[in-house]
Structure formats: structure tokens, C-alpha cells
Amino acid sequence: MKLDEVKCIAVIGSGIMGSGIAQIIAHAGYKTILYDVQREATLKGLDIIKKNLQSAVEKKKILKEEQDQLLSRITLSSNFSDLKCELVIEAIIERLETKSELFTKLEMLNDHNTIICTNTSSIPITLLAKELHHPERLVGMHFFNPAHIMTLVEVISGPATSNENATTVFLLAQKMGKSPVMVKDAPGFIVNRIGKLYHTESLKILEEQIAAMEAIDALLESSGFKMGPFKLIDLIGVDANLNVTKSLYDLFNQEPKFRPSRIQQQLVDAGSLGRKTGAGFYQY
């Protein structure tokens, strides 16, 4: 499918990432469907978008009229049959089985031309497309948090992904104002394979009591990093970040450098998931 054939785009998952993706799709002028299983979740997602846009209006980055127009392009849904679009982007939990099951249902719902995009941050497209009858439809479209601000998008093709579909996704990312990069299929792709060590090594230093988290964050920020690892984990979501670590750990056959952190697991178990819950490594 070519980009000029895309009229409607659906986003599955209305958390921080999914909401951010829906916002930039609507900003690019597309009819946008924000889907989640629970209606309440989509309403929370819409609230996230409204807060982002209100902040942009106050900072004079967009006009109030632009805010209203953007919101008018977004439709909320908890009805799976509404996901009949030319392009669908999933932004759900980083779990192979869950994503694969979703893609099978999407393939059954939509015709053979629909492009199915995954926002996976670690799972190879080859594995995700394994059960599909038309694996040429699946393309990796990995955004970075917060999606409405971060410009990089990794576009990943599996062995069966069609060149036309990958090109369409690449051009779509550009139309959204992003800086897409074509990436080969591999666990963690490029950014997370490198960047994950920013988190795991910092967590090991904390666990070994070599330095406090505040000191680690301050040191790395003074070295040029925009945000320290613990502040960044809180922004991403302690649970989401841990799920990616677990995924990479399994995909790399329990490679020690990707071993999940005990401290991080304790925070997840306690429901301290970062900024979204008001507490994580820091209090908010």
C-alpha cells in the first residue's frame, strides 16, 4: 500500500505511548482511532492528549484552533471491529504471545492490503510475523517516549516485509515530522540494544551500593545525557522498561548484561511504576 492510499490509522493501546502516537497521527491530518479494551482506558488516553495539547497552546507552539481540529480527528473505541483501517499501529505490552495473538486477529479483520505496524522495542519482526498468513504486511514502527516529542522512529522490516509497505511506513513517519531510520531485524534493533545498558548497568551500580541513584543521575546528566537513567525509567514507566529488559534477556539467551533488576521488580510489585503512578525511583 502506498502512503496516498492511507486515510484512516488506528492505534491499539491508549497508554502513554499509544496516546502519544495517536496525537501525532491526528496532527499529521489523519482520521485517528484510539482503541483499548476498556472504555475507561481510552478516556484516560484522551486526557493525556488534551494535557499535551494544552501545554503546547500555553507555550504558543500551536493555536487553540489547531488543538480543536486535532482533537476532532480522534475517535475513541473499545470495539475491535472498528479497527478496519488502511494502517494499524499496536502499542501494547512487550510480550510476544500477546502481540502475535493480536496480529492474527487483525489479519482476519482487515483485507490483505492493510499495513500492520508494531511498536515493539525489542522483539524481532521475524518472530512476530511467524503465525501470519501475510507476513509482508507487518512492519516495525518503533517510537520513543514521549512519542509526541522524540523525533527518532526505527522502521524495521522482517524477511517477508514488502519493500512498498516499509517505504510507506518510512514516509508516514516523515509526514508526522519524525526522523525515521531503516533498521535491520534483530532483538532490540539498534537503540534499545545499546541504550538498555544505560539502564541495566546503572541499576547494577545501585544494587552494588557503589553510588546512590541521585548521584548516578547527576553524574550522567553532567556528562551530557539529557536525562539520568532513573529519571528516564520513571518517565518510560518502571513496568514497561522492565518488560523490555526481560524480553531482551530471553531473546539473548539470558545474557548477563541484560539481566533484569531485583530493585526494579520490587517497585513493579509495589505498584510504583514511575510518573504515571506518582512514584517510582522518585516521588512525583
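The values are calculated or read from the model by the stated rules, or taken from the named source; none is laboratory data. The shown structure was predicted, so the numbers you read here are calculated from the model rather than taken from an experiment. Cβ placement follows ideal geometry from the backbone for every residue including glycine, while neighbour counts extend to all protein chains displayed.
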Unique residue being modelled with pLDDT under 95 and either in a loop (DSSP other than H, G, I, E, B) or not assigned by TED's automatic domain parsing to the domain that holds I49 (or both) when the list is P187, P146, P159: P146
Any residue at all in the range 26-36 that is over 24 Å from I149 (Cβ atoms) and in contact with a Cys (Cβ under 8 Å, 6 or more places away or on another chain)? no
Exactly one condition in (1) crowded, with 21+ Cβ neighbours inside 10 Å; (2) over 19 Å from A240 (Cβ atoms); (3) without any contact (Cβ under 8 Å) to a residue 60 or more places away in the chain is not met by G224; state its number. (1)
How about the range 259-284: which of its residues are assigned to a loop (DSSP other than H, G, I, E, B) and under 13 Å from N243 (Cα atoms)? R259, P260, S261, L273
From the set of residues in the range 79-130 that are closer than 21 Å to V191 by Cα and of a type in the set (S, T, Y), which is surrounded by the fewest Cβ atoms within 10 Å (Cβ to Cβ)? T126
Every listed condition ((1) under 29 Å from L128 (Cα atoms); (2) outside any helix (DSSP H, G or I); (3) charged (D, E, K, R)) holds for D239 save (2)
Only one of (1) in contact with a strand residue (DSSP E or B) (Cβ under 9 Å, 6 or more places away or on another chain); (2) hydrophobic (A, V, I, L, M, F, W, C); (3) in a loop (DSSP other than H, G, I, E, B); (4) farther than 22 Å from L172 by Cα fails for V37. Which number is that? (1)
Can you pull out the residues in the range 4-26 that are part of a loop (DSSP other than H, G, I, E, B) and in contact with a strand residue (DSSP E or B) (Cβ under 7 Å, 6 or more places away or on another chain)? V6, K7, G13, S14
Residues in the range 131-173 that are of a type in the set (S, T, N, Q) and buried (at least 19 other Cβ atoms within 10 Å of the Cβ) total 4
If you check D68 against the conditions, is it in the same structural domain as S162 (by TED's automatic domain parsing) and in contact (Cβ under 8 Å) with a residue 12 or more places away in the chain? no
